[in-house]
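The values are calculated or read from the model by the stated rules, or taken from the named source; none is laboratory data. Note that this is a predicted model, so its numbers are computed, not measured. For neighbour counting, all protein chains shown are included, and Cβ atoms are generated from backbone atoms with ideal geometry for every residue, glycine included.
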Amino acid sequence: MRDAWLDLLLGSSCGVCGLPGRVLCDLCESRLPRAARVAWPTPAPAGLALPVAAGEYAGGLRELVNAHKEHRQFSLARPLGTMLATSVRTILDGLGEGEGGPFLLVPVPSRGPVVRARGHDPMLRVSRQAAGVLRRWGHPVLVARLLRSAGVARDQSGLRAQERSANLAGSMRCATRARRRARAPDTRLVIADDVLTTGATAREAQRALEDRGLHVVGIATVAATVKQLPAPRSPQH
Ligand SMILES: [Zn+2]
């Protein structure tokens, strides 16, 4: 009931600035990032595939991600998908000769109860939008729901990087039936997630796929958190 009211209320205003009208006003849309960048978390989990983010998880972009994920502003999947597509393209453009694909975009699964409670799968929707954009850009990418939640992980909020990794170990698995299409020897996989924080979730997704012998070439995300690092110590005199 609360969500229905939020839909009604938020549906008539910009999800970023609150301006009445469309769910994303022209000004906020024009301020969205247009170029993706490599975004290594510090520290990065060992063996993490190349992580790329379209922008920083802050300000308007954070509002946008959450308006779609938490408040079901489904039409925001389009701008989010375009940003995810720029991240995927950055990964694909960086691949060497002989890494020609086919390419599969593999969304990180939202945990079962979360998806059921929210009644939608945010990353799947955004990934489908991104794949459509990538096809228009001349990159034939398909969405493959290869990952399943094994349902053992607790909520991640408030956990430190190491605790996150421990909490997530074994929390995802590769779907038995779905993985057959991914197994062709030249198929390349790009993992898709909305927010990159410590990289622990992406690393667990990568592990689940690589354990099945699948080839992951990168982690494409909409936004990455920028760590508040302690000031570097001055060099020894
Ligand atoms: Zn706005």
Can you give me the number of residues within the stretch 70-111 that are free of Cβ contacts under 8 Å to residues at least 24 places away in the same chain, over 22 Å from residue 55 (Cβ atoms) and of a type in the set (Asp, Glu)? 1
Scan the stretch 27-49 and give yes if some residue there is farther than 21 Å from residue 133 by Cα, without any contact (Cβ under 8 Å) to a residue 40 or more places away in the chain, away from the ligand (no atom under 13 Å from the Cβ) and not in a loop (DSSP other than H, G, I, E, B), otherwise no. no
All but one of (1) touching a Gly at 6+ places or on another chain (Cβ under 9 Å); (2) more than 15 Å from the ligand (Cβ to nearest atom); (3) among the hydrophobic types (A, V, I, L, M, F, W, C) hold for residue 84, so report the exception by its number. (1)
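Just to be sure I understand, how many residues within the stretch 14-24 are farther than 12 Å from residue 75 by Cα and either near the ligand (Cβ under 6 Å from one of its atoms) or buried (at least 18 other Cβ atoms within 10 Å of the Cβ) (or both)?
First pass over the stretch 14-24, keeping only residues farther than 12 Å from residue 75 by Cα: 16-21.
Remaining after also requiring either near the ligand (Cβ under 6 Å from one of its atoms) or buried (at least 18 other Cβ atoms within 10 Å of the Cβ) (or both): 16-17, 19.
Within the stretch 14-24, residues that are farther than 12 Å from residue 75 by Cα and either near the ligand (Cβ under 6 Å from one of its atoms) or buried (at least 18 other Cβ atoms within 10 Å of the Cβ) (or both) number 3.
Looking only at the stretch 53-64, decide whether some residue is in a helix (DSSP H, G or I), closer than 17 Å to residue 120 by Cα and at pLDDT below 90. Explain how you work it out, then say what you get.
As a first pass, look at the stretch 53-64 and keep what is in a helix (DSSP H, G or I): 59-64.
Still in the running and closer than 17 Å to residue 120 by Cα: 64.
Subsequent filtering for residues that are at pLDDT below 90 retains none.
Among the residues of the stretch 53-64, not one is in a helix (DSSP H, G or I), closer than 17 Å to residue 120 by Cα and at pLDDT below 90, which makes the answer no.
Against the definition (more than 24 Å from residue 176 (Cα to Cα) and modelled with pLDDT of 95 or more), how does residue 81 come out, yes or no? Before the answer, list the steps.
Details: more than 24 Å from residue 176 (Cα to Cα): yes; modelled with pLDDT of 95 or more: yes.
Taking the combined requirement at face value, the residue satisfies it.
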Return the total of residues in the stretch 143-159 being crowded, with 17+ Cβ neighbours inside 10 Å and either under 17 Å from residue 93 (Cα atoms) or modelled with pLDDT of 90 or more (or both). 4
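Answer with yes or no whether residue 89 is surrounded by fewer than 18 Cβ atoms within 10 Å (Cβ to Cβ), under 16 Å from residue 221 (Cβ atoms) and more than 12 Å from the ligand (Cβ to nearest atom). I'd like the intermediate steps shown before the answer.
Values: surrounded by fewer than 18 Cβ atoms within 10 Å (Cβ to Cβ): no; under 16 Å from residue 221 (Cβ atoms): yes; more than 12 Å from the ligand (Cβ to nearest atom): yes.
Considered against the rule, which asks whether it is surrounded by fewer than 18 Cβ atoms within 10 Å (Cβ to Cβ), under 16 Å from residue 221 (Cβ atoms) and more than 12 Å from the ligand (Cβ to nearest atom), residue 89 comes out as no.
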